[in-house]
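A.B. asks: One structure, pasted below without further comment.
Read the figures in this text as sums done on the coordinates, not as results from a lab. Everything quoted here is computed from the prediction, not taken from an experiment. Because the Cβ atoms are built from the backbone with ideal geometry, glycine has one as well, and the counts that use them run over all protein chains shown.
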2 protein chains.
Amino acid sequence: MPTGPSFLSISQWGELIEEALAHPQAVGPIRNIRDDDARVFDAIFIGGGAAGRFGAAYMRAMGGRPLIVDCWPFLGGSCPHNACVPHHLFSDCAAELMLARTFAGELWFPELKGKITSIKEVVDLFRKGRTGPHAVMNYQSKEQLDIEFLLNAPARIVDAKTVEAAGEIFSARALVLACGAEAAPLDAPGAHLAGVHTYESIVETLGRDPGPTIVVIGGGKTAIEYGCFFNATGRRVVMLVRHRPLELIPDAETRAYGLDRMREQGIEIIEGATVVEIAGDASGRVAGVIAETAAGRLEVATDFVFHALGERPRSHMAVEALGVDLDAKGAVIVDDSLRTSVPGVYAVGDLIGAPMEMFKARKSGAYAARAIMGETVSYRPSDWPDFLHTHYEVSWLGLGEDAARARYRNVVVLKLPPDTPDGLNVGLPAGDRTMLYAMARPHMSGFQKLILDGDTRRVIGAHHIGYGAKDAFQYLNALVKRGLTIDELGDLDELFLNPTYFIQLARLRAGQTSLTSM
Amino acid sequence: MPTGPSFLSISQWGELIEEALAHPQAVGPIRNIRDDDARVFDAIFIGGGAAGRFGAAYMRAMGGRPLIVDCWPFLGGSCPHNACVPHHLFSDCAAELMLARTFAGELWFPELKGKITSIKEVVDLFRKGRTGPHAVMNYQSKEQLDIEFLLNAPARIVDAKTVEAAGEIFSARALVLACGAEAAPLDAPGAHLAGVHTYESIVETLGRDPGPTIVVIGGGKTAIEYGCFFNATGRRVVMLVRHRPLELIPDAETRAYGLDRMREQGIEIIEGATVVEIAGDASGRVAGVIAETAAGRLEVATDFVFHALGERPRSHMAVEALGVDLDAKGAVIVDDSLRTSVPGVYAVGDLIGAPMEMFKARKSGAYAARAIMGETVSYRPSDWPDFLHTHYEVSWLGLGEDAARARYRNVVVLKLPPDTPDGLNVGLPAGDRTMLYAMARPHMSGFQKLILDGDTRRVIGAHHIGYGAKDAFQYLNALVKRGLTIDELGDLDELFLNPTYFIQLARLRAGQTSLTSM
């Protein structure tokens, strides 16, 4: 275990971060820089979120000297502060509440019928707990990864090699822009009324519990994830979706299962809806939402609106200071080595646009570090697995069935439940955290589908709704990218009852010379 | 969707199975045999559990003609009836109840402090629900896998090619013994008192709720899994373990985390204990357990004893009818082609001994089918991943740290939480279904460790306590068997927050030429 005069334990880091968040000026810059080291920095990472922190870590591991500058007093960026971590907390709550409501009054579950549970208590629990992960990351970055950083200090770009922060000037061989993204604004009158929230503002400013009706604007991951949580608390949730919800789920049947379960929980999904106005009351608080829909004008009275309309790269500073080129969506344009249009300046993470996913943030940071350290690299995300939460985990990789049939002449599908006269109301699949459903509400125990090219016998798509499978898709995807066949898959060793039934389904068909669906 | 005169839907299968379980004689044999097919059977599978059913399915997929004979009215064997499926239901309940007790009176969780919840209600829910998976498997076996079978009919072996069942004689080219295993008996006076249970009897005969104290005898998977469930219901649980509990978890630190959490939940684990007697009351019901321990004689008053002392192969019939050779533990001896000592007779599944795991049952069945159909095969389980449930999921593959250090000179360990003055009371790891713990009871949010050979940079062990990772270990294990390095692992695409943090931990160190622990 490391020690020394500047050593802070994780709990000490937690206290310092809390103090700095409450009183940023009083605490001032949090400085971990070796002033006795005369080496020039190999790179200054502007932003210590997923991309900047992993980039700096990789550079340091290679023997380079990175510096991170971040305006927050912690490393890790928005993910633990207001994005992935609260999303996962809320999605855990959604899963738990759906279970509790489904079995309300049975076994040990409380009688929740007609009862609304608090959103603010969960938000408060998050606010109190979030410095825990922050503290681990500061500790890890300093004591284990040996990264130099300056936190609680906004950076100002002087030129392509120079940054000013907390009154100091820092120079480096390269600059890495890692400023992330933020929620795109809602373009409608009344968008700034009190009670209109994004994923950022809900954890920062929620002061009281929403009333019994919530309007969610959007149909992508964040809108669905938060909408399902709000619904699980017992509130009426009206989702206004411009096109179709869950469109990013590639398999239509899987998507339909997910949507059916959302509707079954009572979520009202209105497709083809355009928000016309957020109406306010005399106190400046939201009072309702007015939208145009295919069925005409819709008005919903509510004191709480949540919108999730995508992410906007925070490219403003880099454009003003350096003139880096942007694409049509405002993302910084980079080549395969993460180089921007300005020599010596790199960009990574959400700032460079889609996919704004954790793996890309971290990996683009690491690849930029390797490029700066002289390696020849090429990074373009491709063929990644993906997921979202409804009340369930939804995970997928590869092609949906329709796309598979469009591309391959001999598509084979293995799925559970199978097509039967009983529909989905059958007792399999079942796995960790779906057992109560499988035994007593079988249509709620999940849906899964494996798609194969019957000619090469290779897996070309996998889709899962349930629990406990998301992590598996990371590794399954790596096997699929290496050409996994049904025969290889059927020869793996399953840990039964496994949330993904792919191994045993594959084994049941692997004996066939000419594969057939099931 | 298939139809036809003999077609039964899944729900119709469910009704028939329930009727047959209640009145086996009245329902009589359930016969799905093509009497108009003159071909000789390629094999008769005695037993339609995991091994027999998957063996028959594989043979049929290859174009062979298998027949399954089973005394139960459903295919799938003990797993869905009294083994893996109820275990998973009880483990789900243990996880849910630990969460509910940890947050009792907070958020929406009921006030459970000091309250005992019903075990019988969960058992009843299982009894009512278990025909659901049974029905799916009968449907799948008949309509999708096209397997012939005779159920609800005990088989009698006539000779190595002939079986009698339900008054009919069936001949085949080969016989496959797939009779499974059953709970080993407790060798102590009073073992047959009412209230002394195994995993089999608890779901078949539990007539009333146990009192406030339960004694569990054993320290392996089943004892731990059921003991944790009993504990989670609010009962005092005393575990009497002959050697050490959880010994099968290969990593000592991971095992200690698991045991600490069990003790924290109040489970009393007594190592080095030998049961002397199960004491009864005047009505023939268990009243207490007397054991010898290192600390002297121990007496625990209880009306409920659960013992799990391993599994005994059901080899009796095969020995009597055919004289197949057994090993010292009573398992049928087979070669790499699953051939017994009797020509033309194969054996598969739990009947052939350890590991008595689902993957081995199913795969040995499939490999036997391939051998009978003329393929040259070789099957010996090796390097499989493994798991058990405490209140958590515990998953592992490869070596524990001690064994790794004994075998490799340059062992590198990446783990979370790291070693710090705060111990485990830090806010990471966090992932699906551990978010409430991570935010409010961080020491309960899990433990994970990746072990690498620093010279080859290969993963040689992975260990995880938490939730949502078990499924992943199936696929991760396949990558590890293919030689997965830290560099390859760190280049995978994670789905953050991922229950296993292995990808990102690997990436943080992958830049090092000379790897160091973290």
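A.B. asks: Please report the equivalent ellipsoid semi-axes of segment A:186-307, computed as sqrt(5 x eigenvalue) of the Cα gyration tensor, largest first, in whole Å.
C.D. replies: Equivalent ellipsoid of segment A:186-307: 24, 16, 12 Å, largest first.
A.B. asks: Sticking with this structure for a sec: Which of the GluC sites (Glu not before Pro) across segment B:152-248 are loop residues per DSSP, with 14 or fewer other Cβ within 10 Å?
C.D. replies: Here the sparse-neighbourhood loop sites are B:Glu247.
A.B. asks: What FRET efficiency, computed as 1/(1 + (r/R0)^6) with R0 = 22 Å and r the Cβ-Cβ distance, is obtained for B:Ala256 and B:Asp419, rounded to the nearest 0.05?
C.D. replies: 0.95
A.B. asks: Something else now. Per DSSP helix of 4 or more residues, -39500 (n - 2.57); summed, then divided by the residues of chain B. What does that give at 222 nm, rounded to the nearest 500?
C.D. replies: -9500 deg cm²/dmol
A.B. asks: Suppose we keep just the DSSP beta bridges with both residues in the protein assembly as shown; what percent of those would be antiparallel, to 5?
C.D. replies: Roughly 65 percent of the DSSP beta bridges within the protein assembly as shown come out antiparallel.
A.B. asks: What's the average, rounded to a whole number, of partner chain beta-carbon atoms within 10 Å of each residue's beta-carbon in A:476-488?
C.D. replies: Across the residues of A:476-488, the mean count of other-chain Cβ atoms within 10 Å is 3.
A.B. asks: Still on this structure, I have one more. In debye, nearest 20: dipole of the protein assembly as shown around its Cα centre with unit charges on the Cβ of K, R (+) and D, E (-)?
C.D. replies: Dipole of the protein assembly as shown, to the nearest 20 debye: 660 debye.
A.B. asks: Search the structure for amide H atoms under 5 Å from the amide H of A:Gly427, placed 1.01 Å from N in the peptide plane, and list their residues when 5 or more places away or on another chain.
C.D. replies: B:Val136
A.B. asks: Continuing with the same structure: Using Cα pairs closer than 8 Å and at least 6 residues apart in sequence, work out the relative contact order for chain B, in percent.
C.D. replies: For chain B, the relative contact order is 14 percent.
A.B. asks: Here's something else I'd like to know. Checking the cross-link filter: which lysines have an alpha carbon closer than 17 Å to that of B:Lys120, excluding same-chain neighbours under 8 positions apart?
C.D. replies: Answer for B:Lys120, where 17 Å is the Cα cut-off: B:Lys128, listed by chain and number.
A.B. asks: Next question. Shielding of B:124-130 by partners, i.e. mean partner chain Cβ atoms within 10 Å per residue?
C.D. replies: Other-chain Cβ atoms within 10 Å of each residue's Cβ, averaged: 4.
A.B. asks: Which of the GluC sites (Glu not before Pro) found in segment A:254-347 are loop residues per DSSP with 15 or fewer other Cβ atoms within 10 Å of their Cβ?
C.D. replies: A:Glu271
A.B. asks: Each residue of segment A:246-258 in turn: what ³J(HN,Hα) in whole Hz from Karplus with 6.51, -1.76, 1.60 and θ = phi - 60°, glycine and Pro shown as x?
C.D. replies: 6, 4, 6, 6, x, 9, 4, 5, 5, 4, 5, 4, x
A.B. asks: Using the structure shown, list the pairs from A:Lys221/B:Lys449; B:Lys113/B:Lys221; A:Lys481/B:Lys481; A:Lys221/A:Lys363 with a Cα-Cα distance above 25 Å, or answer none.
C.D. replies: Too far apart for the 25 Å limit: A:Lys221/B:Lys449; B:Lys113/B:Lys221.
A.B. asks: Where does the charge balance sit around B:Ile10 when Lys and Arg score +1, Asp and Glu -1, over other residues with C-beta under 12 Å from its C-beta?
C.D. replies: Every neighbour counted, the sum reads -3.
A.B. asks: Follow-up question, since we're still on this one. Putting +1 on Lys and Arg Cβ atoms and -1 on Asp and Glu Cβ atoms, find which of B:Cys71, B:Leu112, B:Thr102 reaches farthest to the positive end of the dipole of segment B:54-147.
C.D. replies: B:Cys71
A.B. asks: Shifting gears a bit: Please list, ordered by chain and number, the residues whose modelled amide H lies under 5 Å from the amide H of A:Ala155; skip anything fewer than 5 residues away on the same chain.
C.D. replies: Here the answer is A:Cys71, since their amide H atoms fall under 5 Å of that of A:Ala155.
A.B. asks: Separate question: Scan around B:Val411 for amide H atoms under 5 Å from its own, H built in the peptide plane at 1.01 Å from N, and keep only partners 5 or more places away or cross-chain.
C.D. replies: For B:Val411, whose amide H was placed from the backbone, the distant partners under 5 Å are B:Gly454.
A.B. asks: Then there's this: With θ set to phi - 60°, apply the Karplus curve 6.51 cos²θ - 1.76 cosθ + 1.60 along segment B:503-514 and write out the HN-Hα couplings as whole Hz, x wherever there is a Gly or Pro.
C.D. replies: Listing the rounded values in order: 4, 6, 5, 4, 5, 5, 10, 4, x, 7, 5, 10 Hz.
A.B. asks: Could I ask something else about it? Report the trypsin sites (Lys or Arg not before Pro) located in segment A:1-74 that are in a DSSP loop and have at most 12 other Cβ atoms inside 10 Å of their Cβ, or state none.
C.D. replies: A:Arg34, A:Arg39
A.B. asks: Take A:His192, A:His81, B:His134 and order them by how many other Cβ atoms sit within 10 Å, fewest up front.
C.D. replies: In increasing order of surrounding Cβ atoms, one gets A:His192, A:His81, B:His134.
A.B. asks: Residue by residue through segment B:31-46, what is 3J(HN,Hα) from phi via Karplus (6.51 cos²θ - 1.76 cosθ + 1.60, θ = phi - 60°)? Round to whole Hz and write x for glycine and proline.
C.D. replies: Couplings: 10, 10, 10, 7, 5, 8, 8, 8, 5, 6, 5, 6, 7, 9, 8, 8 Hz.
A.B. asks: What distance in nm separates the simple spin-label points at A:Arg263 and B:Ala301, each placed 7 Å from Cα in the Cβ direction?
C.D. replies: 5.9 nm
A.B. asks: On to the next question. So the label point sits 7 Å from Cα along the Cα-to-Cβ vector; using that for B:Glu299, what distances do you get to the other copies, in nanometres, sorted shortest first?
C.D. replies: Reported distances to equivalent positions: 7.9 nm.
A.B. asks: Averaged across B:83-96, how many Cβ atoms of other chains sit within 10 Å of each residue's Cβ atom?
C.D. replies: 5
A.B. asks: Label-to-label distances across copies for B:Arg441, with labels 7 Å out along Cα→Cβ, in nm, shortest first?
C.D. replies: Relative to the other copies, B:Arg441 has label-point distances of 2.4 nm.
A.B. asks: Can you list, shortest first in nanometers, how far B:Lys120 lies from the same residue in the other copies, with each label 7 Å from Cα toward Cβ?
C.D. replies: Once sorted, the set of distances for B:Lys120 reads 4.4 nm.
A.B. asks: Pull out the extension gain between A:Lys115 and A:Arg244, defined as 0.36 nm times the separation in residues minus the alpha carbon to alpha carbon distance; nm, one decimal.
C.D. replies: Extending this stretch completely gives an extra 43.4 nm.
A.B. asks: Convex hull volume of the Cα atoms in chain A, per residue, in Å³?
C.D. replies: Per-residue hull volume (Cα only) is 183 Å³.
A.B. asks: For chain A, list the cysteines whose Cβ sits under 4.7 Å from no other cysteine Cβ?
C.D. replies: A:Cys71, A:Cys93, A:Cys179, A:Cys228
A.B. asks: If I model a spin label as a point 7 Å beyond the Cα along the Cα-Cβ vector, how far apart are those points for B:Arg407 and A:Glu204 in nm?
C.D. replies: Distance between the two pseudo-spin positions: 5.1 nm.
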